[in-house]
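For reference, the structure is listed below as structure tokens.
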Amino acid sequence: MTTLPEVETHSAAATMEFGAHLAGSLLPGTVIALSGELGAGKTCLVKGIARGLGITQEVTSPTFTLIHEYTGGRLPLVHVDLYRLETINQAIAIGIEDHLSGNGVTIIEWAEKIASLLPASTQHIELQFINDTTRRIRLP
Ligand SMILES: Nc1ncnc2c1ncn2[C@@H]1O[C@H](COP(=O)(O)OP(=O)(O)O)[C@@H](O)[C@H]1O
Ligand SMILES: [Mg+2]
């Protein structure tokens with residue numbers, strides 16, 4: 001499967017669709033680091049990836065709990081949101097390292113906050129708010 005290195009989506013549904021397409025090529029042990037400002041569409045993309053993995057549970061933002069885990073799909077999905085993280089030690093305390101070496105797919109919003117912990121194989125995806133309905137998604 002080929003995925004263009006840069007796309008613009010014009011609806012939340014289109015961003016989810018891109019994520020669902022991406023999900024098809026994910027392998028066990030994949031870590032994905034999402035960067036992009038609040039409202040850039042990071043959680044929206046994760047919802048699409050979850051759908052593409054065949055997860056039927058609703059994906060909600062783990063803003064307060066930092067980590068949500070979903071099973072029942074082709075691979076287990078761990079969704080991490082570090083928006084409220086204050087220190088790297090806090091991430092270690094909640095067991096982030098186990099998730100960075102797990103057998104499923106781990107997707108991290110605000111991953112730049114734990115840059116030094118990310119495995120070298122981490123796939124980076126950048127989301128950018130262009131306007132009310134447009135987001136740019138880049139796979140550098
Ligand atoms: N093209 C688009 N892609 C993604 N989200 C969009 C798009 N256009 C509008 N939106 C809206 O932007 C919001 C994105 O929020 P969210 O995914 O929670 O962002 P983040 O997790 O980066 O803070 C959603 O309410 C969604 O409906
Ligand atoms: Mg989010």
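Miscellaneous remarks
- Candidates G52, G41, G29 - the one that is surrounded by 12 or more Cβ atoms within 10 Å (Cβ to Cβ), touching a residue at least 12 places away in the same chain (Cβ under 8 Å), away from ligand 2 (no atom under 16 Å from the Cβ) and on the phi > 0 side of the Ramachandran plot: G29
- Filter pass, Q128 being more than 14 Å from ligand 1 (Cβ to nearest atom) and not basic (K, R): no
- A single member of V78, V46, V105 is more than 18 Å from V7 (Cβ to Cβ), touching a residue at least 60 places away in the same chain (Cβ under 8 Å) and surrounded by 14 or more Cβ atoms within 10 Å (Cβ to Cβ), and it is V105.
- V78 vs. criteria in contact with a helix residue (DSSP H, G or I) (Cβ under 9 Å, 6 or more places away or on another chain), assigned to a loop (DSSP other than H, G, I, E, B) and either under 21 Å from P119 (Cβ atoms) or hydrophobic (A, V, I, L, M, F, W, C) (or both): no
- Scoring A23 on the criteria (1) closer than 27 Å to D98 by Cβ; (2) of a type in the set (A, V, I, L, M); (3) within 15 Å of ligand 1 (Cβ to nearest atom) leaves a single failure, condition (3).
- Within the stretch 90-97, one or more residues are away from ligand 1 (no atom under 16 Å from the Cβ), in a loop (DSSP other than H, G, I, E, B) and either in contact with a Lys or Arg (Cβ under 8 Å, 6 or more places away or on another chain) or modelled with pLDDT under 95 (or both).
- Sub-9 Å Cβ pairs linking a first residue in the stretch 121-140 that is touching a residue at least 24 places away in the same chain (Cβ under 8 Å) to a second residue that is surrounded by 12 or more Cβ atoms within 10 Å (Cβ to Cβ) and of a type in the set (F, W, Y), at least 6 apart or interchain, are R135/F129; R136/F129; I137/F18, ordered by first then second residue.
- Residue match in the stretch 45-55 (condition: within 6 Å of ligand 1 (Cβ to nearest atom) and touching a strand residue (DSSP E or B) at 6+ places or on another chain (Cβ under 9 Å)): no
- Hits in the stretch 30-51 (condition: of a type outside the set (A, V, I, L, M) and assigned to a helix (DSSP H, G or I)): K42, T43, C44, K47, G48, R51
- Boolean, T60 is surrounded by fewer than 18 Cβ atoms within 10 Å (Cβ to Cβ), within 15 Å of ligand 2 (Cβ to nearest atom) and free of Cβ contacts under 8 Å to residues at least 60 places away in the same chain: yes
- Residue in the stretch 63-75 that is nearest to K113 (Cα to Cα), counting only those that are away from ligand 2 (no atom under 16 Å from the Cβ), in a loop (DSSP other than H, G, I, E, B) and not hydrophobic (A, V, I, L, M, F, W, C): T71
The values are calculated or read from the model by the stated rules, or taken from the named source; none is laboratory data. Since the model is a prediction, treat every value here as computed from it, not as a measurement. Here Cβ is always computed from backbone atoms with ideal geometry, including for glycine, and neighbour counts include all displayed protein chains.
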